[in-house]
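Below: one structure, written as structure tokens.
The values are calculated or read from the model by the stated rules, or taken from the named source; none is laboratory data. All values derive from a computational prediction rather than experimental measurement. Ideal geometry is used to build each Cβ from the backbone, glycine not excepted, and the neighbour counts take in all protein chains shown. These area figures cover heavy atoms from the full protein model, side chains too; ligands, DNA and RNA do not enter into them. Shrake-Rupley method; radii C 1.70, N 1.55, O 1.52, S 1.80 Å.
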Amino acid sequence: MNWKLFAILLGCVTMLGQPAAVRSAEAPKGMVLIPSREFTMGSPKDDGNADEQPQHKVYVDAFYIDAYPVTNQEFQKFVDATGYVTDAEKNGGGYIFSIASVPAFVLTALANWKDTNGDKKGILTKMNNPVVQVDWNDANAYAKWAGKRLPTEAEYEAAARGLTTTAYFFGDEGNQLGAFAWFFDNISGDTHPVGALKPNPFGLYDIVGNVWEWCSDWYGDKYYAVSSAKNPRGPDSGKYRVLRGGSWVSNGKYERSATRSWNSPDYRSYNIGFRCAETP
């Protein structure tokens, strides 16, 4: 399928149902307009993970979302403008992926967004890679500085699906995943420059794979059973924040549109980044 042509036709059809102010608004630079709509969120019974159920109808208002994850270059501008210091820099480093014995993420004292593996190699050759070693607090601070916000979990899934209802936005089988996502089967032990692979039908790059991405919501494993039907924003409180999209060290099942993950707001690692959203 010609995804670029599909996205253009999709935009022509869906925009007809938008309020005039939304239809006439031009998406901010680097962002994509996701039209308001109702969609089926989660996974069918006996499919996916337990916290992706029950599958339920959700309506989301139109919103903008970054076409790419925030890059090192963009985060550098934020730091230069504000003097911001990330939690990894202040509080003992970040987690890196190690295969020394059993594959695992291990805390490394020198690891932070400027030196993602803590090996003093820096990021000068990775300025177009997603920023990593940023926790939820860092991502939220950047979003506020940029005049944006983190997407809700429902917005993220609506954007990732691209109006599809299948397990992946390209179908129910994962055999095409390597054309769209950096994941365990096609990585070389690192993140990759954003936009190097094909986008989803909405024109969003790396919406699955490359890095897990922070959402605004608190995580609740039973939340779908009580979720609001319109613009859900997750539980009122919690211990963990939602992550979406899978990463370069995830296997294919974690790149599905409905896959959820979570971690504490102060957790940072070499496979977690973010992108921003904005309300029209």
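Summary table
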read-out: Count - residues of the range 176-218 that are touching a helix residue (DSSP H, G or I) at 6+ places or on another chain (Cβ under 9 Å) and either part of a loop (DSSP other than H, G, I, E, B) or open to solvent by 40 Å² or more (accessible area, probe 1.4 Å) (or both); value: 17
read-out: Residue within the range 15-25 that is β-branched (Val, Ile, Thr), modelled with pLDDT under 90 and under 23 Å from PRO280 (Cβ atoms) present; value: yes
read-out: Test: LYS230 is at pLDDT below 95 and more than 15 Å from the chain's Cα centre (by Cα); value: no
read-out: Residue check, GLU89 farther than 14 Å from ILE272 by Cα, within 20 Å of the chain's Cα centre (by Cα) and of a type in the set (Asp, Glu); value: no
read-out: Leading residue by the ranking (modelled with the lowest pLDDT) among those in the range 37-56 that are over 19 Å from the mean Cα position of the chain (by Cα) and surrounded by 12 or more Cβ atoms within 10 Å (Cβ to Cβ); value: ASP47
read-out: Residue selected from the range 220-277 under the condition open to solvent by 50 Å² or more (accessible area, probe 1.4 Å) and touching a helix residue (DSSP H, G or I) at 6+ places or on another chain (Cβ under 6 Å), by the criterion nearest to SER98 (Cα to Cα); value: ASP266
read-out: Residues satisfying the stated conditions in the range 71-127, i.e. closer than 22 Å to ASN263 by Cβ, without any contact (Cβ under 8 Å) to a residue 40 or more places away in the chain and of a type in the set (Val, Ile, Thr); value: VAL85, ILE99, VAL102, VAL106, THR108
read-out: So LEU10, is it outside any strand (DSSP E or B), of a type outside the set (S, T, N, Q), modelled with pLDDT under 95 and surrounded by 14 or more Cβ atoms within 10 Å (Cβ to Cβ); value: yes
read-out: Scope the range 146-189; condition among the charged types (D, E, K, R) and under 17 Å from VAL70 (Cβ atoms); matching residues; value: LYS148, ARG149, GLU155
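Conditions (1) under 15 Å from TYR156 (Cβ atoms); (2) within 13 Å of the chain's Cα centre (by Cα); (3) modelled with pLDDT under 95; (4) of a type in the set (Phe, Trp, Tyr), marked per residue:
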position	(1), (2), (3), (4)
ALA179	no, no, no, no
ILE187	no, no, yes, no
ASP190	no, no, yes, no
ALA196	no, no, no, no
GLY203	no, no, no, no
ASP206	yes, yes, no, no
ASN210	yes, yes, no, no
